[in-house]
1. How are the alpha carbon pair distances in the range 123-243 distributed across 10 Å bins from zero to the largest one, expressed in percent?
2. Relative to the longest principal Cα axis of the chain, at what angle does helix 96-107 sit, 0 to 90 degrees, rounded to 10?
3. Where is the GNM fluctuation largest for the chain (alpha-carbon springs, 10 angstrom cutoff): D57, D276, D141?
4. Need one number: % antiparallel among DSSP beta bridges in the chain, to the nearest 5.
5. Could you check which residue among S131, S278, S349 shows the biggest mean-square fluctuation in a GNM of the chain with a 10 Å Cα cutoff?
6. Could you tell me whether the range 185-339 comes out rounded, prolate or oblate from its Cα gyration tensor? Rule is a ≥ b ≥ c as square roots of the eigenvalues, rounded for a/c under 1.5, then prolate if a/b exceeds b/c, otherwise oblate.
7. Please check: in the Gaussian network model of the chain (C-alpha springs, under 10 Å), which one of L65, L129, L94 has the largest mean-square fluctuation.
8. Could you do me a favour and compute the accessible area per residue for the chain, 1.4 Å probe, result in Å²?
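The values are calculated or read from the model by the stated rules, or taken from the named source; none is laboratory data. These figures come from a predicted structure and were not determined experimentally. Cβ sites come from the backbone with ideal geometry, for glycine too, and all protein chains shown count toward neighbours. In case anyone asks, the SASA skips ligands and DNA or RNA and just uses the protein heavy atoms, side chains included. Shrake-Rupley method; radii C 1.70, N 1.55, O 1.52, S 1.80 Å.
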Amino acid sequence: MICLIKSYCAKINLMSIISDDNNFQKIESGKKNPIIKPDFEEGDKTFENNIRPKNFDTYIGQSALKSTLKITIEAAKKRAKILDHLLFYGPPGLGKTTLAGVIANEMNVSIKITSAPALERPRDIIGILMSLEEGQILFIDEIHRLNKVAEEILYPAMEDFYLDMTTGKSQTVKTLRIPLPKFTLIGATTKAGELSGPLRDRFGIIHRLQFYTEEELSQVIKRTANILEIEIDNEGACAIAKRSRGTPRIANRLVKRVSDYAIVKYDGRITKDVADKSLDILEIDEFGLDTTDRNLLKLIIEKYDGGPVGIETIAAAIGEDSRTIEDVCEPYLLQCGLLQRTPRGRKVSPQTYKHLGYNVKNLTEQKSLF
Ligand code: ADE
């Protein structure tokens, strides 16, 4: 039976969706599987999964959001209802996926994790929706990248838990309304502004995840070191926290890297001295900036007189993708005041000159010679 998604006339074989999609590996043999795990590299995947907190007691930071969520979850449990759809936004690495897992655990339900780029064809999103169980959580990462067709399919699914399909051809077209189990959608995005208004409006709870304080990151680092049986003292944890850009994913990676140095070059124990020396070798400075960040800032200073300069020009000059710059490098540089966004492009601040060791007076004198 050939189905046409209402108004888009996308050809979908409903029988194959119904019969195959209880097992996502089978959606279409040879085609990509829309159920994915978070985007860590193979080795990092197990590492991240092992150290992921599973409940609110072990999840450090985001205290305002945690308080709100605890109330919402308790209320949903008392009413024996599912949770409202939730949208988390903020820079990468702050724990959006982890938090979705914590919510699922606290609600005692299972979670299906996917990402918008894996939901390219209508049948991908339909397959996932039809495979959900009552109360289950569906997590869609990078939700701002959902295409229009997938969004249109999601609207009635989110609002009233059904799919609208049409069957047959031209004159014999019939509308079929397929009920879905009640589920909670958790969307995550680094770019809330790129979400369409109608999709954003369908989330009951919308929350921004904040950068972590050094104190919170120290706690994350000590917890991770404890799980990995790495010896670390308070000062060592603080030294790594200072250079972790307010981001637990970075903090956890640095713990591993510093631990390698501690084992090979020292006695295995992470102290302040060991952490500082290792991070210097890794070229991560005291603000947590790496070579890409520094090259970006130096380019604006040396070639564009401190800016403003357009993002595409910067991307081409340093050989990075403009999206990576916007999503990964910029949020932290903006947060710590080393970069500013203006309608005419990006510019640096006086603090940037100081941090990178430029003598502002000499630089001005040099420029006036030309
Ligand atoms: N690892 C990554 N994020 C974490 C968090 N928020 N709390 C504890 N451990 C973490």
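1. Reading upward from the zero bin: 11, 30, 21, 19, 13, 4, 3, 0.
2. It works out to around 50 degrees.
3. Maximum fluctuation in the GNM of the chain, among the listed residues, is at D57.
4. Details: 18 of 36 bridges.
Once the DSSP bridges in the chain are tallied, antiparallel ones form about 50 percent.
5. Per the Cα network of the chain with a 10 Å cutoff, S349 tops the list.
6. Values: a/c = 2.72, a/b = 1.32, b/c = 2.05.
Oblate is the answer for the range 185-339, as a/c is 1.5 or above yet b/c matches or exceeds a/b.
7. In this elastic network of the chain, the residue with the biggest mean-square fluctuation among L65, L129, L94 is L65.
8. Details: 18500 Å² over 370 residues.
Per residue, the chain has an accessible area of 50 Å².
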